[in-house]
Amino acid sequence: EKGLTREVGQTQTINGISVTVDEILYHNNNITISYIIESEKDWGEFYFGAGADITINGELPMGGSSGYYGEDIQSSTTRTAIQGMDVSEEMPDEFELGLILHGEKGETWYFSTPIKQITDIKKIPVQHTQHVDGIDLTVTELSLSETGIGISFESSETAKDFELSRAGDIEFVVVDQNGNEITNHSGGVSGHRIEDRLVFTSRKRHDPVDSTVTELTITPYLRLATDGGGVELGEDGKVRELEFKGDLLKPVEFESFKVEIPQ
């Protein structure tokens, strides 16, 4: 609506499946891509796994990336999809983005397009630290732009099993000085092991705020799953079911903190 996305319109057809990269939005270290997928016949629910791998100027991100991929069914042969990716390493303001999408039957769709980061991003250093029930949390930065609020943080705890770690399940409630809650849109999490600790980095996203907002109260919390399980994409490209272990995790209470918004 604000004209911040870049229209791409690239299409590739393999084995009767046409994938179109429709639009791309690049802000902070987040890349959001919309796809249109059309097929001559029905295809499986997880046909494209967790979405496309990305390259930056032809290279894989050294620090890795995290994100989400979801499809909406428009008809028996047409779907739209949204993929969001947060890249851990520092990224240039503009670069050649490569997208590598793998199909269930071994197909590979490859796209390449130049992208630019949106301008007018206000970054506010925070460096707020808490230690609660074995979880270390440091909120490093708050970013504001027309696309929304970004809360950057690092969290860690001593653990061996990623499925039994709580430090990767942190979200935030954000309220302005008038008590209005700012809608949360979550965001991907990247985790790795350093000796006996699991360390996570993420940038959580919320709706944008206007110039009347002068202060935000931020409350971290754990968004723990209550049922289900999940899937993971293995190195062989196959999707595997994950056992649900969330009922073994206990919630914790973090303290709220305030961030002043420069006018």
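The values are calculated or read from the model by the stated rules, or taken from the named source; none is laboratory data. Every value quoted in this text rests on a predicted model; they were computed, and no experiment measured them. Heads up, the Cβs are rebuilt from the backbone with ideal geometry, glycines too, and the neighbour counts pull from every protein chain shown. Accessible surface is based on the protein model in full, side chains and every heavy atom, while ligands, DNA and RNA are left aside. Shrake-Rupley method; radii C 1.70, N 1.55, O 1.52, S 1.80 Å.
Quick notes on this one:
- Averaged per residue, segment 1-71 has 52 square angstrom of accessible surface, using a 1.4 angstrom probe with ligands and nucleic acids left out.
- Surface composition of segment 1-115: carbon plus sulfur atoms contribute 46% of the solvent-accessible area (1.4 Å probe, protein chains only, all chains present).
- What the Cβ-Cβ distance of Asn15 and His185 gives, at R0 = 51 Å and to the nearest 0.05, is a FRET efficiency of 0.90.
- J(HN,Hα) series, segment 21-26, from Karplus relation 6.51 cos²θ - 1.76 cosθ + 1.60, nearest Hz, glycine and proline x: 7, 8, 9, 9, 10, 10
- Mean projected area in nm² (Cα convex hull; one quarter of hull surface) for segment 109-156: 5.8 nm²
- Accessible area per residue for segment 99-218, computed on protein heavy atoms with a 1.4 Å probe, is 47 Å².
- Between the amide H of Gln10 and those of Val21, distances stay under 5 Å, these residues lying 5 or more places away or on another chain, with hydrogens modeled in the peptide plane.
- A P(r) calculated from all alpha carbon pairs of segment 1-120, with 10 Å bins opening at zero, reads 13, 48, 30, 9, 0 percent.
- Residue-span extension gain [Arg6 to Asp136] - 0.36 nm each, minus C-alpha spacing: 43.0 nm
- Computed from phi, the 3J(HN,Hα) profile of segment 34-45 under the Karplus parametrisation 6.51, -1.76, 1.60 (θ = phi - 60°) reads 10, 10, 10, 10, 10, 9, 6, 8, 4, 9, x, 5 Hz, with x in place of Gly and Pro.
- Eigenvalues of the alpha-carbon gyration tensor of the chain, scaled by 5 and square-rooted, set the equivalent ellipsoid semi-axes at 32, 24, 17 angstrom, largest first.
- Estimated from the Cβ-Cβ distance and a Förster radius of 41 angstrom, the FRET efficiency linking Glu154 and Ser76 is about 0.40.
- Put the Cα centre of segment 146-186 next to the Cα centre of segment 248-263 and the gap is 8 Å.
- Modelled FRET efficiency - R0 41 Å, Glu45 with Thr129, Cβ distances, 0.05 increments: 0.50
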